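Chemist: One structure is given below, represented as structure tokens, and several questions about it will come after.
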Amino acid sequence: MNSTAPGQANGDVTETDEQFRARLRAFLDEHRPGRRPRRAEDRLSWQKDWLATLFDSGFAGPSWPRRYGGMELGFARQVIYQEEYNRARVPGPLGTGLGIAAPTIIKYGTDEQKDRFLRPMLRGDSVWAQGYSEPGAGSDLPALRTTARREGGGPDDPDAYYVVDGQKVWNSAADIADILFTLVRTGPPGSRQDGISYLLIDAHAPGVTVRPLRDLTGDAHFCEIFFSDVRVPVANRIGAENGGWPLVRTSLGHERAAGAMNQAALYRRVLDELIELAHERGATADPLIRDRLAEFEMRVRIMRLTGMRTISDILAKGEPGPASSTSRLFIVTFEQELHEFAVDLLGCYGILDRHDPHAVQRGRWVWGFLRTRASTIGAGTAEIQRNTIAEQVLGLPRDPAMPSTGRS
């Protein structure tokens, strides 16, 4: 493994962008971790080893501050990083902490919390999962009912703790998580966004139960989490008690922005593979097929430009802002339509799943079609994204049918 110290991979100030691209590409090609293991437990170790290799070699966290092991790259090199990373087809991040919890902790956490949590998260030593949505509080997140009752001392007592009770649902990676970044109600019932706090909960603590939820693909991409008298140190609260809502808005904004450039690079490759599939099936002689592929080409390019704009906004303002909802809505509708087209292109083979020996390309397009059915639900439904765009980007009047969430 490369012995370069974390942060050193940025190169010297005289390095050009193309020299950086070449050096990053060479590193990724040289250290590619091999084929993805079949067994889930082997895959977890395989992915953790890769994240540790990135971190130890100074190629982790392109946007993160160097203090926490990141590269602290400028705009152009963050774009290059995402393009080369997806080209190399190496494992992505584990859990949902890197793009969502980390920016929140960097902005709102204490120095002790930053030093304690950030580097292990980036290196893959601890896996994080989000605990926001509940059975009765998905799109209307301020209606959440998971409670955190404070016990064990006064405001400055280091032994004080919260007792957490409730349920969360649709949690990605909770089954492999070590830490759950969670929204809880510390205020009275009915306090909505004014009574929410942001807690980091040990996923292995007594009273935490995680149950995988199997979806249309046959896999378990989501989980539900149950909390029963779970003790959480007050030191694990990010921000002020009952002051979690501004943190939520930061988290959700970064969640919607985090995938923008990554998805653009990913779907550049996926579209190229779809075009190859159309050629293999002799479909490109059809002008309607060509028109649709040209439309997807334009949308992938727009996706890339939108991702670049999002990174630029974060670098300039520290926040992606409400425009991140525009990017998120564009991506999720695109990936649904692309996979719908792919399944139509397969004809009768589009009904075969990946376990059928006659499935085209091991059923990857059918699996993608089923997986993306949930795209317009996760990270805020498409309806919520449209409301955010209408109210906070276009300046239209608030939808009177929607509960007020308060604007920070």
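The values are calculated or read from the model by the stated rules, or taken from the named source; none is laboratory data. All of these numbers come straight from a predicted model, not from anything done at the bench. Here the Cβ positions follow ideal geometry from the backbone for every residue, glycine too, while neighbour counts run over all protein chains shown. Note: accessible area is taken over every heavy atom of the protein model, side chains too, but ligands, DNA and RNA are not part of it. Shrake-Rupley method; radii C 1.70, N 1.55, O 1.52, S 1.80 Å.
Chemist: Scanning region 130-148 for residues that are at pLDDT 95 or above and assigned to a strand (DSSP E or B), which turns out least open to solvent (accessible area, probe 1.4 Å)?
Modeler: Ala148
Chemist: Go over the candidates Pro212, Pro188 one by one and state the one that is without any contact (Cβ under 8 Å) to a residue 60 or more places away in the chain and not in a strand (DSSP E or B). Spell out the reasoning first.
Modeler: On the way: Pro212 fails: not in a strand (DSSP E or B).
Step by step, each of Pro212, Pro188 is checked, and only Pro188 is without any contact (Cβ under 8 Å) to a residue 60 or more places away in the chain and not in a strand (DSSP E or B).
Chemist: Does Phe55 fit the bill of being of a type outside the set (S, T, N, Q), at pLDDT 95 or above, assigned to a loop (DSSP other than H, G, I, E, B) and closer than 25 Å to Ser312 by Cα?
Modeler: It is false that Phe55 is of a type outside the set (S, T, N, Q), at pLDDT 95 or above, assigned to a loop (DSSP other than H, G, I, E, B) and closer than 25 Å to Ser312 by Cα.
Chemist: A further question follows. Of (1) within 30 Å of Asp17 (Cβ to Cβ); (2) modelled with pLDDT of 90 or more, Gln82 satisfies all except one. Which?
Modeler: Going through (1) within 30 Å of Asp17 (Cβ to Cβ); (2) modelled with pLDDT of 90 or more one by one, Gln82 breaks only (2).
Chemist: Further question: Quick check on region 361-379. Is at least one of its residues among the charged types (D, E, K, R), assigned to a helix (DSSP H, G or I) and over 23 Å from Val169 (Cα atoms)?
Modeler: For region 361-379, residues among the charged types (D, E, K, R), assigned to a helix (DSSP H, G or I) and over 23 Å from Val169 (Cα atoms): present.
Chemist: Checking Trp170 against (1) in a strand (DSSP E or B); (2) at negative phi, which test does it fail?
Modeler: (2)
Chemist: Inside region 82-118, can you point out the residues that are farther than 26 Å from Tyr132 by Cα and open to solvent by 10 Å² or more (accessible area, probe 1.4 Å)? Give the steps one after another, and end with the answer.
Modeler: Taking region 82-118 as the starting set, the residues that turn out to be farther than 26 Å from Tyr132 by Cα are 82-90.
Within region 82-118, Gln82, Glu83, Tyr85, Asn86, Arg87, Arg89, Val90 qualify.
Chemist: Something else about it: Restricting to region 93-127, what's the tally of residues that are in a loop (DSSP other than H, G, I, E, B) and farther than 17 Å from Ala174 by Cβ?
Modeler: Result for region 93-127: 3.
Chemist: If you don't mind, another one. Give the number of residues within region 283-296 that are of a type outside the set (Val, Ile, Thr) and touching a helix residue (DSSP H, G or I) at 6+ places or on another chain (Cβ under 7 Å). Break it down into steps so the answer makes sense when it comes.
Modeler: Within region 283-296, the subset of a type outside the set (Val, Ile, Thr) is 283, 285-288, 290-296.
Now narrow it down to the ones that are touching a helix residue (DSSP H, G or I) at 6+ places or on another chain (Cβ under 7 Å): 283, 292-293, 296.
Residues meeting the conditions: 4.
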